[in-house]
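Bear in mind that the values in this text are calculations on the coordinates, not laboratory data. Since the model is a prediction, treat every value here as computed from it, not as a measurement. Here the Cβ positions follow ideal geometry from the backbone for every residue, glycine too, while neighbour counts run over all protein chains shown.
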Amino acid sequence: MNWLQIMEEVAERPHIRHMCDFVRAGYEDIVEEIVGVCEVPAPSHQEGERAAYVANRMGTLADMEIMVDEHNNAIGRYPGEDRCARLAICAHIDTVFPVSVDVTVRRENDKLAAPGVGDNSASVGGMLRLIAAWKDAEYVPPFDVIFVGTAGEEGLGDLKGIREFLNGYAERSDVDLEAVLSLDGRIGGVVNQGIGSRRLRVTFSADGGHSWGDFGSSSAVHILGSAIHGISQLEVPDDPRTTYNVGTVEGGTSVNSIAETATMLVDMRSVGEAELEDLERQVMQIISDSAERAGGEYHVEVVGDRPVGYIPDDHPLVSIAQAAGRQMGAHLETKASSTDANIPLSRGIASVTVGIYRGQDGHRESESMVPSSLQQGIPMACMMTEAIVQWIQADGDVPCDG
């Protein structure tokens, strides 16, 4: 299918034009939506209040089946002609900032500034305005569409929300997902390749003692240092890209105490499954050898496990995203990243992650974004979802119960 040509026709459909006009006329509504989301603190694993807020907004904007599941996912089911749900649209609701960080939004002209205002309050707000646009256009999709504010996407949240959504709600007999569209990041990219990762919390233990009286006793900090040095010497492939990092270390009790325990967090990533497995094997060998040489012990806990997954650059979902971007004057480059799309991709469900806003300083307290950019990004998402629905229909409707 020629998706560029199809997208030109999609853009002229009356209900799509209505949605786009609705979004362009609703600048202050966009601002209000983003501010409302951002000012509810939502660190990973503590998203309950924001999940309730997002679910309430979904229910206010449209007549939807609403719930917050036990994992803090806010789920809204938009009714279609066929009550089988075949498409999920998601945006993660958690942030990297602890509750202690002030998330009050500061507004200056066409700019909003606050920790988390872009990543991912702008995308969540954009998802909510997409629902509002559908409702205002009195749009009835050919099948049910599920909107999900996912929990636990960031850091050690380990994509918990989308994982548990697919394990739970998506296993219902009235759900047969054929595609997942994730809204996350800035305009300009379409993620069709999920970076796999393994994250380990490694704790070394040793005899310890007094730095003078017990000099020569094994030290957990010294073992940890030896392991870090060994890891830093590893050579990894550029293609498929593979990386490692020791992100945090802690241990010991005082400058004149030989440490009994020390802990480090190790991050390993690759777009190649075999390469990631090989890297982990090498890191584990270094950890074991370092402890054995010094007469210490170690314990490893897996704290992150994100699977590899991808669809090719010429997959219809990628072509649809790029055609919608072009229609709205944006060039979307394919790229690899670690997003909610990892999980459906790893399970054979077609998925992409697309950015719908412009901003800067993500994951920093100085973060900011430009709300008017969503007047480009949300219409792009409207066209994208319309074309995805058309692509799903082209495969033929199969009853949810098989």
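Count charges around MET264 for me, please; just the other residues with Cβ under 9 Å from its Cβ, Lys/Arg as +1, Asp/Glu as -1. Combined, the nearby Lys, Arg, Asp and Glu give 0. Semi-axes of the equivalent ellipsoid of the stretch 196-306 are 29, 12, 10 Å, computed as sqrt(5λ) over the eigenvalues of the C-alpha gyration tensor in descending order.
Using helices alone, what [θ] at 222 nm do you get for the chain, with -39,500 (n - 2.57) per DSSP H run of 4 or more residues, divided over all residues and rounded to the nearest 500?
So the calculated ellipticity at 222 nm is -11000 deg cm²/dmol.
Ordering 83-96, 108-121 by mean Cβ neighbour count within 10 Å, with the highest value first, yields 83-96, 108-121. The spacing between the stretch 311-352 and the stretch 242-310, judged by their C-alpha centroids, is 32 Å.
Is the shape of the stretch 286-402 rounded, prolate or oblate, going by the alpha carbon gyration tensor and its root eigenvalues a ≥ b ≥ c, with a/c under 1.5 for rounded and a/b larger than b/c for prolate? Here the stretch 286-402 falls in the oblate category.
Treating the Cα atoms of the stretch 252-334 as identical point scatterers in vacuum, please give the log10 of the normalised Debye intensity I(q)/I(0) at q = 0.12, 0.13, 0.18 Å⁻¹, two decimals. Here log10 of I(q) over I(0) equals -0.62, -0.66, -0.91. Shape annotation for the stretch 104-240: C-alpha extents along the principal axes are 79, 47, 32 Å, from largest to smallest. In summary, the aspartates and glutamates within cross-link reach of LYS160, defined as a Cα separation below 14 angstrom excluding same-chain residues under 8 places away, comprise GLU47, ASP69, GLU70, ASP94, ASP305, ASP340.
Counted without the sites themselves, the longest stretch of the chain free of chymotrypsin sites (Phe, Trp or Tyr not before Pro) in a DSSP loop having at most 10 other beta carbon atoms within 10 Å is 1-211.
Please state the equivalent ellipsoid semi-axes for the stretch 300-356: what are the square roots of 5 times the Cα gyration tensor eigenvalues, largest first, in whole Å?
Largest first, the stretch 300-356 gives 26, 12, 8 Å.
For LYS135, the aspartates and glutamates whose Cα falls under 15 Å of its own Cα, not counting residues fewer than eight places away in the same chain, are ASP21, ASP29, ASP63, GLU65, GLU81, ASP144, GLU386. If you wrap the chain in the convex hull of its Cα atoms and look at it from every side, the mean projected area works out to 21.0 nm².
Rg over Rh for the stretch 150-230 works out to 1.28, both radii taken from alpha-carbon positions and Rh defined as the Kirkwood radius.
For the chain, taking a cut-off of 4.7 Å between Cβ atoms, the unpaired cysteines are CYS20, CYS38, CYS90, CYS382. Of the peptides 260-266, 221-227, 99-105, the order by per-residue mean of other Cβ atoms within 10 Å, starting with the highest, comes out as 221-227, 260-266, 99-105.
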